[in-house]
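Beneath this line is the structure, given in C-alpha cells, with notes to follow.
The values are calculated or read from the model by the stated rules, or taken from the named source; none is laboratory data. The model shown is predicted, which means the values in this text are computed figures rather than measured ones. Ideal geometry is used to build each Cβ from the backbone, glycine not excepted, and the neighbour counts take in all protein chains shown. Surface accessibility is based on the protein's heavy atoms, side chains included, excluding ligands, DNA and RNA. Shrake-Rupley method; radii C 1.70, N 1.55, O 1.52, S 1.80 Å.
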Amino acid sequence: MYNPFSLEGKKVLVTGASSGIGKSIAIECSKLGAHLTIVGRNQERLNETFISLDGDKNNHNQLLLELTDYERLEFSIKELPVFDGVVNCAGIGTTNLFQFLTREKMQHVFDVNFFSPVELTRLLIKKKKIAKNGSVVFLSSIDGPINSHIGNSSYSATKAALAAMAKGMAVELAPKNIRVNYLMPGQTETPLIHNEFITEDQLALDMEKYPMKRYGRPEEIAYAAIYFLSDVSTFTTGAGLVIDGGFTLI
Amino acid sequence: MKTLNEFIELFAEQFDETDASEITPNTVFHDLDEYSSLIALSIIAMVDEEFDVTLKGDDMRSAVTVEDLYNIVINKA
Ligand SMILES: NC(=O)c1ccc[n+]([C@@H]2O[C@H](COP(=O)([O-])OP(=O)(O)OC[C@H]3O[C@@H](n4cnc5c(N)ncnc54)[C@H](OP(=O)(O)O)[C@@H]3O)[C@@H](O)[C@H]2O)c1
C-alpha cells in the first residue's frame with residue numbers, strides 16, 4: 001500500500017518514552033514499522049510502553065537512563081545502533097515565579113530540558129550514530145518561541161533555546177543530510193500539565209481559551225513527529241511546527 | 001520553625017496594594033481584593049523558599065483563613 005509516511009525498518013530513538021507524548025510517539029512509530037529504542041527512567045512505565053509497541057519485540061529495545069547523568073549517557077551510547085530518527089521528548093514542566101527563580105532552579109530545568117537533549121544529540125552525531133538522511137526532532141513548545149505564561153519564564157527559556165539550537169544544528173548538519181526540526185505543542189493531555197500548582201478548575205478555565213475548546217491529544221503530537229521522521233519531509237530542516245488548536249492565533 | 005506572626009509577615013509581603021495591617025490570623029484571604037491566582041503562586045513559592053514545604057493548589061483552596069494556611073504548612077513541615 002502506498003504510504004509516504006511509512007517508517008518501515010527505520011531505527012528510531014525516543015526519549016521520554018515512559019509517559020505522555022514520548023510514549024505516544026514510540027507507539028505510533030512502531031505501528032508504521034519503525035524499530036524503536038525507547039528511553040525513560042521509570043522502569044514500570046517504560047515497560048508498559050514497550051509492551052504496547054507494535055511489531056516483533058525483537059526489533060525493539062528499552063533503556064533506563066537518567067539523561068542528566070552525562071557519564072552514563074556517553075557510556076550507554078556506545079551500545080546503541082545507528083539511528084535513522086531521534087526524538088528528544090524527555091522534559092519537565094516547572095512553575096517558578098520570576099522573583100523566586102533562583103539560579104539553582106533555573107539550572108535544573110535547563111539541565112533536563114535543554115542540556116540533556118542537546119548533549120545526547122551531540123554525542124550521537126559525534127559517535128556517528130545518526131545515519132545519513134537521518135532526522136532529529138526536539139520537543140520545544142509554543143511557550144518560549146511564541147508566548148509564555150505566568151510562572152513559566154524558565155521553562156519558556158529552555159524551549160526557546162532548544163528551537164534556536166535546532167536551527168543552528170540544521171545548518172551545520174545539512175551537508176550530512178541530517179535534518180533537525182522541532183515541535184511546538186500547546187497544552188497536551190499528559191501527566192506534565194497536571195501538577196501541584198494548578199487545580200483542575202484552573203485547567204478547565206484555561207481550556208476555554210483554546211479556539212477548539214480542548215487540549216491536544218498525545219497522538220496529535222506524535223503524528224507531527226512522524227511527519228519529521230518520515231521521508232515526506234526530506235526537504236524540511238530547521239523548521240518548527242505549531243500544534244495548538246489555534247491557541248496562539250488569538 | 002517560623003511562628004504564625006512571622007508567617008503573616010511573609011504572607012503580607014506577597015501583596016502590593018493590600019496593607020499589611022489587613023492580614024491577621026483570621027483574615028479570609030480569598031476575599032481580599034488583590035488576591036489572585038498570581039498571588040497564590042507567590043505564596044506557594046514563598047512557602048517553598050521559607051519553609052521548604054510544597055503547597056498544592058488544593059491546599060490554597062481549602063484554607064479559609066491565614067491561620068488555616070499556616071497550620072497546613074506546619075503540618076507538612
Ligand atoms: N504536555 C504538554 O502540554 C506539552 C506542551 C509542549 C511541550 N511539551 C514537551 O513535550 C515533552 C514531553 O512532555 P509530556 O507532556 O509527554 O511529559 P510527561 O508525560 O511528564 O513525560 C515526561 C517524560 O520525560 C522523561 N524525563 C523527565 N526527566 C528526565 C530525565 N532527567 N532523564 C530521563 N528522562 C526524563 C520522563 O521519564 P520518567 O517518567 O520515566 O521519569 C517521561 O518519560 C517535554 O519536553 C515537554 O516539555 C509538552
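So which GluC sites (Glu not before Pro) in segment A:37-134 are both in a DSSP loop and have at most 16 other Cβ atoms within 10 Å of their Cβ?
The qualifying sites are A:Glu66, A:Glu79.
Quick one: net charge around A:Leu67, please, counting Lys, Arg +1 and Asp, Glu -1 for every other residue with C-beta under 14 Å from its C-beta.
For residues surrounding A:Leu67, the net value is -3.
Given a 1.4 Å probe and every protein chain left where it sits, what share in percent of the accessible area of the protein assembly as shown is carbon and sulfur? Intermediate values should be presented prior to the final figure.
Working: 8380 of 16040 Å².
Roughly 52 percent of what the probe reaches on the protein assembly as shown is carbon or sulfur.
Out of all DSSP beta bridges in the protein assembly as shown, what portion is antiparallel? Express it as a percent rounded to 5.
In the protein assembly as shown, DSSP labels about 5 percent of beta bridges as antiparallel.
Among A:Phe75, A:Gly240, A:Val109, whose Cα projects farthest towards the positive end of the dipole of chain A, with charges put on the beta-carbon of Lys, Arg (+1) and Asp, Glu (-1)?
Result: A:Phe75.
Once you mark the chymotrypsin sites (Phe, Trp or Tyr not before Pro) that are in a DSSP loop and have at most 15 other Cβ atoms within 10 Å, what is the longest gap between them in chain A?
In chain A, the maximal stretch lacking such sites is A:6-234.
What distance in nm separates the two pseudo spin-label positions at A:Tyr223 and A:Asn42, each 7 Å out from Cα along the beta-carbon direction?
Taking the two extended label points, one gets 2.7 nm.
Which value, in debye to the nearest 20, describes the size of the charge dipole of chain B about its Cα centre when Lys and Arg Cβ atoms bear +1, Asp and Glu Cβ atoms bear -1, and nothing else is charged? Walk me through the intermediate numbers first.
Details: 4 positive and 18 negative charges, 85 e Å.
Roughly 420 debye, rounded to the nearest 20.
Loop-only check: which trypsin sites (Lys or Arg not before Pro) in segment A:56-163 are DSSP coil with at most 12 other Cβ within 10 angstrom?
Qualifying residues, ordered by number: A:Lys128.
If R0 is 45 Å, what FRET efficiency do you get for A:Gln99 and A:Lys176 from their C-beta distance, rounded to 0.05?
0.50
Can you compute the FRET efficiency between B:Ser62 and B:Ala20 using 1/(1 + (r/R0)^6), with r the Cβ-Cβ distance and R0 = 22 Å? Round to the nearest 0.05. Show your work: numbers first, answer last.
Working: r = 24 Å, r/R0 = 1.11.
The calculated FRET efficiency here is 0.35.
Using only helices, what value at 222 nm comes out for chain A when you add -39,500 (n - 2.57) per DSSP H run of length 4 or more and divide by the total residues, to the nearest 500 deg cm²/dmol?
It comes out at -11000 deg cm²/dmol, rounded to the nearest 500.
Using the alpha-carbon atoms, what tilt in degrees (0 to 90, nearest 10) does helix A:20-31 show relative to the longest principal axis of chain A?
Rounded to the nearest ten degrees, it is 30.
First check a/c for segment A:93-243, with a ≥ b ≥ c the square roots of the eigenvalues of its C-alpha gyration tensor; if it is under 1.5, answer rounded, and if not, answer prolate when a/b is larger than b/c or oblate otherwise.
Oblate, because a/c is 1.5 or more while a/b does not exceed b/c.
At a threshold of 8 angstrom on Cα-Cα distance, excluding pairs fewer than six apart, so keeping six or more, what relative contact order does segment A:1-158 reach in percent?
Reported as a whole number, the value is 23 percent.
Inside 10 Å of the C-beta atoms of A:150-157, what's the mean count of C-beta atoms belonging to other chains?
1
Over the alpha-carbon set of the protein assembly as shown, divide Rg by the Kirkwood Rh and report the Rg/Rh ratio to two decimals. Mind dumping the intermediate values first?
Details: Rg = 22.4 Å, Rh = 21.4 Å.
That ratio is 1.04, to two decimals.
Quick check for me: using +1 on Lys/Arg Cβ and -1 on Asp/Glu Cβ, what's the dipole size of the protein assembly as shown about its Cα centre, in debye to the nearest 20?
Magnitude of the dipole: close to 2620 debye.
Can you give the accessible area buried between chains B and A, summed over both chains, with a 1.4 Å probe, in Å² to the nearest 100?
Result for this pair: about 1100 Å² buried.
If a/c stays under 1.5 just call it rounded; otherwise compare a/b with b/c (prolate if a/b is bigger, oblate if not). Do that for chain B, with a ≥ b ≥ c from the square roots of the Cα gyration tensor eigenvalues.
Working: a/c = 1.43, a/b = 1.27, b/c = 1.12.
The shape class here is rounded.
Report, in degrees rounded to the nearest 10, the 0 to 90 angle that the Cα long axis of helix A:43-52 makes with the longest principal axis of chain A.
Its long axis makes an angle of about 60 degrees.
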